[in-house]
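Accompanying notes for the structure given below.
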Amino acid sequence: MNHSNLEASQGEQSTEVGELEQLRRLLFGGELENLLKRPPVQAQDVSAVLADAIVESQQQSPQFSAATVPTVEAAIRHSVKLDSNILSDALFPVIGPATRKSVSTAIRNLTQSLNQGLEHSLSPKSFQWRLEAARTGRSFAEVVMLRTLVYQVEQVLLIHRETGLLLQQVMSDSASAQDPDLVSAMLTAIQDFVKDSFNVQAGGSLDTLEFGELNIWIEEGPQAVLACVIRGNAPQELRELLQDSLEKVHRSFGTVLQTFEGDTDPIAGSRLYLEDCLRSQFKGKSDSESSQKQPPTLALITGCLLLGISGWLAYSIWAQQRWNDYVNLLNQQPGLVVIHSDHRWGSYHLSGLRDPFAVDPQKLMVEHTSLNPKKVEFRWSSYVSLDQEILLQRLQRWLSPPSEVSLTLGETGILRVSGVASQDWIDSAMAIAESSDGFSADIIRQWDFSQLQSAEQHRLEQLQARLESRIILFGDGKSKPEMLTEIEAQAQDLKAFVAIARRLGRSPQMVLNGQADPRGDRAQNLKLSQERAQYVQEQLLAQGVPARVLAIKALGARGNTDLLGEGQAAQFRSVTFSIRDEGPEEQ
Amino acid sequence: MIQKKVCMIGAFATGKTSLVARFVKGLYSDKYQTTIGVKIDKKQVALGEQTINMVLWDIYGEDEFQNIKMSYLRGTAGYLLVVDGTRRETLEIAVQLQAKVEKNIGPIPFVLIVNKFDLQAEWEISDEDLAPLQHRGWSILKGSAKTAQGVEDSFLQLAQMLMAPKLTSLAQA
């Protein structure tokens, strides 16, 4: 191989190396080389600068916020999809107060208008106001509110101090207002006008604009002005409230206000502070002084009315009850039937049927109730009651029985006449019994006189018992008694007995039973008993007793000697009496 | 919502109020202007997706008796400088006013409108008069409150300038 060839081959070799290098570079390139030389970016490296990077990009590019919106929205959507609780928990502290505030404002407004409406819907003024409402075409509630208003904040405007542009505004529901943008600018212009036109000292500001009942209170802050449109006379506390709210706005939105270039969205949150200023006060609520001095006539009248009505109701119920009790009492009385009763304007009317033997309704009223008989008008129709009690009364009246006689009507319809009465009465009663079947046969089926005794018969029985119970005692072996007074009494009773018996058509006889004790001779004893009876007979005859009513019976010795003691034996030394009926007297 | 305060500035009787009246339907009557020196109106302008609420302060025109109250200009984002095309002196006053505003408030966006274009034949102001101002970077439009020509445009242009303040100041520099 020659030199040139060597050179050529060397040249070829170097060319090859160059091409290889070229190929290598082509294949792997600078990027790959860089990649191989530089280590890969670590997450922790990025995290170290991420916060700064975000701040930086936000400052440099206004589009940064816009660029992150889709990501943030997607992240929120994703979070809600995964677990809605997380977001709701996070938002809870914000949503709670906001909802509460909104609801309470709504309720406050509603309550206010309701209260107003209720309070004034009955007052005498309300008619005037209704007329006014009809005349002006306003709603009644609106008129009431205007007329009872102490003050109401109708509109609150937050104005940018430098530009006079409206930052935020709130209005009460009942207010109507002009375009707040224009009002804000005009208020600012007026402020400027006053400052320029009258030499006000630096730092001074226009605080109040007054026009009739309309006031505009203006509070100036370093960046913003709060203008408050008030109807009526607001208290000084409202001014403090305005200042406080304005301070809060400055605290929360100070930086935004400083760099304000016309975008009001970042200041939207100031609405809450403005709503705080929407206060109002109505007459009669917090106006405690006047309400204390002069109690509301309506309430007083209503109170009296209610008291009166409830009193009247209670009285009516009581009176009705009293009347019902009386009517019930009447209906319970035998021989009284109440058919109609009513009670009108303090007077009472009562009509029905009354048996003349029934109790007197007026007497019953006086005895049992507090009703005034003068206020009750009775209208009774007479009727004959078949009520047992009344029937008995009627019979009592009819028969007029003596006090010893009682009438009882049994359930079986048997009228039992019992007791003692004169024979004349008994005869007349029996006559009535026979003739009374006509009217009371259904009630009194049978008359029972078995328990009724005539007075004479009764007397007769009494006398007979007395006559038969007397005993005239004699001494041992004697035929004359010691008890002469007993014989006299016997004579008197016997005479009376005989007289009554005769009147009853009878002729009784009294037997004088002479007796002796069993001691001694039997014949002697018989004689002794005979003598004893004769002696008593003589004595009775001497007393005027007719001889034909007396009979003698000598019984001789009585009793058993062995069994008798001296005391008992004496009982047999006697004369006893017994009555026997000889049947009807022979004329 | 973006809000911007915009003032109407110009010599007496240049047609500021007429321009505003053409642009909006206002709330306050004209007598405010003569009493407190300003009348306020509002107009919403849509600029792309952005809505701008322009609060217009129509300030009583400057004349030999009354100067414009600079306090009304405080906080203004921009202004419309109004000139009456038929009265040359109003242009001079406008130039003075612009300098005064820039001195008091700073370099803020404004648009100069030469009004009463419907009376073009009587105009005392020619394009040559306006050229140096245009050269200084002023936005100048010709318009007429009577025919509405150029009115909407001038407000819109000002709105655009308000929304891109940096750009405008850059252009002015």
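For the stretch A:388-450, the fraction of 1.4 Å probe accessible surface lying on carbon and sulfur atoms is 47 percent. Using 0.36 nm per residue and subtracting the Cα-Cα separation, the extra length available between residue A:581 and residue A:271 on full extension is 98.2 nm.
Largest first and in whole Å, the equivalent-ellipsoid semi-axes of chain B read 21, 19, 17, each the square root of five times a Cα gyration tensor eigenvalue.
Each of B:82, B:44, B:68 was placed along the dipole of the stretch B:42-114 (beta-carbon charges, centred on the mean Cα), and the one lying farthest toward the positive end is B:44. A straight chain from residue A:471 to residue A:310 at 0.36 nm per residue would run longer than the Cα-Cα distance by 49.2 nm.
Label positions at residue A:263 and residue B:153, each projected 7 Å from the Cα along the C-beta direction, are separated by 3.2 nm. Binning the C-alpha pair distances of the stretch A:300-382 at 10 Å intervals from 0 yields a P(r) profile of 16, 45, 21, 11, 5, 1 %, listed from the shortest bin outward. Our helix-only sum for the protein assembly as shown, with -39,500 (n - 2.57) per DSSP H run of n ≥ 4 divided by its residues, gives a mean residue ellipticity at 222 nm of -16500 deg cm²/dmol. Eigen-decomposition of the gyration tensor built on the alpha-carbon atoms of the protein assembly as shown gives equivalent ellipsoid semi-axes of 146, 45, 23 angstrom, largest listed first. Between the amide H of residue A:552 and those of A:512, distances stay under 5 Å, these residues lying 5 or more places away or on another chain, with hydrogens modeled in the peptide plane. Inter-label distance, residue A:56 to residue A:89: 3.6 nm, where each label sits 7 Å from its Cα along the C-beta direction. For residue A:397 and residue A:328, the FRET efficiency from 1/(1 + (r/R0)^6), where r spans their Cβ atoms and R0 equals 25 Å, is about 0.35.
A straight Cα-to-Cα reach below 13 Å connects residue A:101 with the aspartates and glutamates A:275, A:276, residues fewer than 8 places away in its own chain not being considered.
In the protein assembly as shown, taking the dipole from charged Cβ atoms about the Cα centre, the farthest positive-side position among A:341, A:578, B:3 is held by A:578.
Charge tally for residue A:410 (other residues, Cβ to Cβ under 13 Å; Lys, Arg +1; Asp, Glu -1): 0.
Take the residue pairs A:478/A:527; A:195/A:248; A:195/B:100; A:248/A:283; A:195/B:5 and return only those whose Cα atoms are more than 23 Å apart. Pairs exceeding 23 Å: A:195/A:248; A:248/A:283. Positive end of the dipole of the protein assembly as shown (Cβ unit charges, origin at the Cα centre): among A:144, A:157, A:17, the Cα lying farthest that way belongs to A:144. Judged by the mean number of other Cβ atoms found within 10 Å, the most tightly packed of the peptides A:234-240, A:554-560 leads the ranking A:554-560, A:234-240. Pairs of Cα atoms nearer than 8 Å and 6+ residues apart set the relative contact order; for chain A it is 7 percent.
A straight chain from residue A:19 to residue A:318 at 0.36 nm per residue would run longer than the Cα-Cα distance by 94.6 nm. When only Cα pairs below 8 angstrom with a gap of at least 6 residues are kept, the stretch A:388-450 shows a relative contact order of 34 percent. With both labels modelled 7 Å from their Cα along Cα-to-Cβ, the residue A:432 to residue A:139 distance reads 8.9 nm. A Förster radius of 60 Å, combined with the Cβ-Cβ distance separating residue A:448 from residue A:538, puts the computed FRET efficiency at roughly 0.80.
Of all complete DSSP H helices in chain A, those with a Cα span along the helix axis of 15 Å or greater and a mean Kyte-Doolittle hydropathy of -1.0 or more are A:3-37, A:43-60, A:63-82, A:84-120, A:180-197, A:236-258, A:297-332, A:388-399, A:423-435, A:484-503, A:522-542. Note on residue A:480: aspartates and glutamates with a C-alpha under 12 Å away, same-chain residues under 8 apart excluded, are A:531, A:538. Taken about its Cα centre, the protein assembly as shown carries a charge dipole of about 3040 debye when Lys and Arg each add +1 at the Cβ and Asp and Glu each add -1 at the Cβ. Give the shape of the stretch A:238-278 as rounded, prolate or oblate, defined through the alpha-carbon gyration tensor: a ≥ b ≥ c are the square roots of its eigenvalues, a/c under 1.5 means rounded, and otherwise the shape is prolate if a/b is larger than b/c and oblate if not. Judged from the Cα gyration tensor, the stretch A:238-278 comes out prolate (a/c at least 1.5, a/b above b/c).
With a Förster radius of 25 Å applied to the C-beta separation of residue A:45 and residue A:80, the computed FRET efficiency comes to 0.15. For the stretch A:58-107, the per residue solvent-accessible surface stands at 82 Å², with DNA, RNA and ligands left out and a 1.4 Å probe.
The values are calculated or read from the model by the stated rules, or taken from the named source; none is laboratory data. What you see is a predicted model, and the numbers here were worked out from it, not measured in a lab. FYI the Cβ positions are ideal-geometry reconstructions off the backbone, even for glycines, and counts take in every protein chain you see. What goes into the accessible areas is simple: the full protein's heavy atoms, side chains included, and nothing from ligands, DNA or RNA. Shrake-Rupley method; radii C 1.70, N 1.55, O 1.52, S 1.80 Å.
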